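The values are calculated or read from the model by the stated rules, or taken from the named source; none is laboratory data. Computed from a prediction, not measured in an experiment: that's the story for all the values here. Cβ coordinates were reconstructed from backbone atoms using ideal geometry, including for glycine residues, and neighbour counts include every protein chain displayed.
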Amino acid sequence: MIFAMRYRLKDIPAMLGTPAGRRQVADGVAYRLWPAASRLARLYRCTIARRTRVVAVVGSFGKSTTTRAIAAAVAAPEAKSTTANAWTAVAQAVLRIRPSQRHAVIEVGIGGPGQMEPYARLLRPDLTVVTSIGSEHHETLGSLDVTRAEKARMVSAMSTSGIAVLNGDDPNVLWMTAQAPGRVIAFGFGAGCDVRAEHIRLDWPHGTRFRLDAFGQQRELAVRLIGRQMIYPVLAAIAVALAEGVALDDALSRIRPLPPTRAQWILFRFRTAQSSCGTITSRLSKHSRRSTYWLMFRCRAASCCSATCPIRKARSYRSTSRSALAPRG
């Protein structure tokens, strides 16, 4: 986003002529507005929104779906965007909190060192959820150690009454237990997690089924989210809901119908499992908009593919279209 402001004013008319250019200009404007917007949002949080319980969601992967799942579980308003999670977008999320609103769930993304602390001062979170620590920030943060230390600032910024909800299967996230001034809840698949999933099985193409164990309460659960990794957002949402006094069955009734996050996991149905790569890529191109997504499946129609077909060569194929998920053969 910072790079957007390096363009000269005379370049802006040309930039506005392309989707990527318009996005750069919008990001640049949002970045420029951050100093004023952040001050206003901090004042709003300390006064009008002071009684609202704020849940901050940070991490390298899975933030958007986790944010949506938590909002559903605690009956909070869902975010207007699943991609705007930095600078002025965070301030706007605070300013949208209604005085009577019990919970607000806000996703926070960073792009470099020193950025998490201003967000933590602005949000003053009551709960912080950390989804994962990955290598996507290596270009700006350099290492996993630096990345986890930066994201842990949202955890350490809480008061002693704050609750850290951490991915118990990620050692770099679990490391933040020592940074938490208050209670820690772990979620994941491991036996040591407070909220965990067992016996996970894909219910293609309807979603995923698993057995839930949440602080000793057990349930059989079916959700619309597809795949093992998508169970983490569900577990985080259940952990937050229980910590906030929401009855387990009430939380589950809200999470079950939650659809996959749009523009991240979109299911396309093909007439046969032997659909050619040409058919698949053609279908995807019709849904292409402005982002790059992952197409995940294994090509089964070897007879109609050339030896250089990228779908045939890799199970994860980067496509300029929206993502599709097809059965693996």
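Check ARG8, ARG23, ARG102, ARG51 and return the single one that is at pLDDT below 95, loosely packed, with under 15 Cβ neighbours inside 10 Å and of a type in the set (Lys, Arg). Steps first, please.
Values: ARG23 fails: loosely packed, with under 15 Cβ neighbours inside 10 Å; ARG102 fails: at pLDDT below 95; ARG51 fails: at pLDDT below 95.
Matching residue, one of ARG8, ARG23, ARG102, ARG51: ARG8.
Considering the conditions (1) among the aliphatic types (A, V, I, L, M); (2) farther than 26 Å from MET15 by Cβ; (3) in contact with a helix residue (DSSP H, G or I) (Cβ under 7 Å, 6 or more places away or on another chain); (4) not in a strand (DSSP E or B), VAL105 is excluded by exactly one of them, (4).
For region 117-131, the set of residues classified as under 18 Å from LEU166 (Cα atoms) and buried (at least 22 other Cβ atoms within 10 Å of the Cβ) consists of PRO125, LEU127, THR128, VAL129, VAL130, THR131, listed by residue number. Can LEU174 be described as surrounded by fewer than 19 Cβ atoms within 10 Å (Cβ to Cβ), farther than 17 Å from ILE231 by Cα and under 19 Å from the mean Cα position of the chain (by Cα)? No: the conditions fail for LEU174. Only residues that are hydrophobic (A, V, I, L, M, F, W, C), part of a strand (DSSP E or B) and modelled with pLDDT of 95 or more were counted across region 179-210, and they come to 8. Checking VAL74, VAL94, VAL90 one by one, the residue that is farther than 22 Å from TYR31 by Cβ and buried (at least 20 other Cβ atoms within 10 Å of the Cβ) is VAL74 and no other. Which condition from (1) in a helix (DSSP H, G or I); (2) touching a Gly at 6+ places or on another chain (Cβ under 7 Å) is the one that ALA86 breaks? Exception for ALA86: condition (1).
Filter region 101-113 down to residues that are over 21 Å from ALA237 (Cβ atoms) and in contact with a Lys or Arg (Cβ under 9 Å, 6 or more places away or on another chain), then give me how many there are. Of the residues in that region, 1 qualify. Can you confirm whether region 4-25 contains a residue that is in contact with a Pro (Cβ under 9 Å, 6 or more places away or on another chain) and hydrophobic (A, V, I, L, M, F, W, C)? Checked against the condition, which is being in contact with a Pro (Cβ under 9 Å, 6 or more places away or on another chain) and hydrophobic (A, V, I, L, M, F, W, C), region 4-25 yields no hits at all.
Of the helices (runs of 4 or more DSSP H) that lie entirely inside region 110-178, those containing 1 or more residues that are at pLDDT 95 or above span 116-123, 144-151, 153-156, 171-174.
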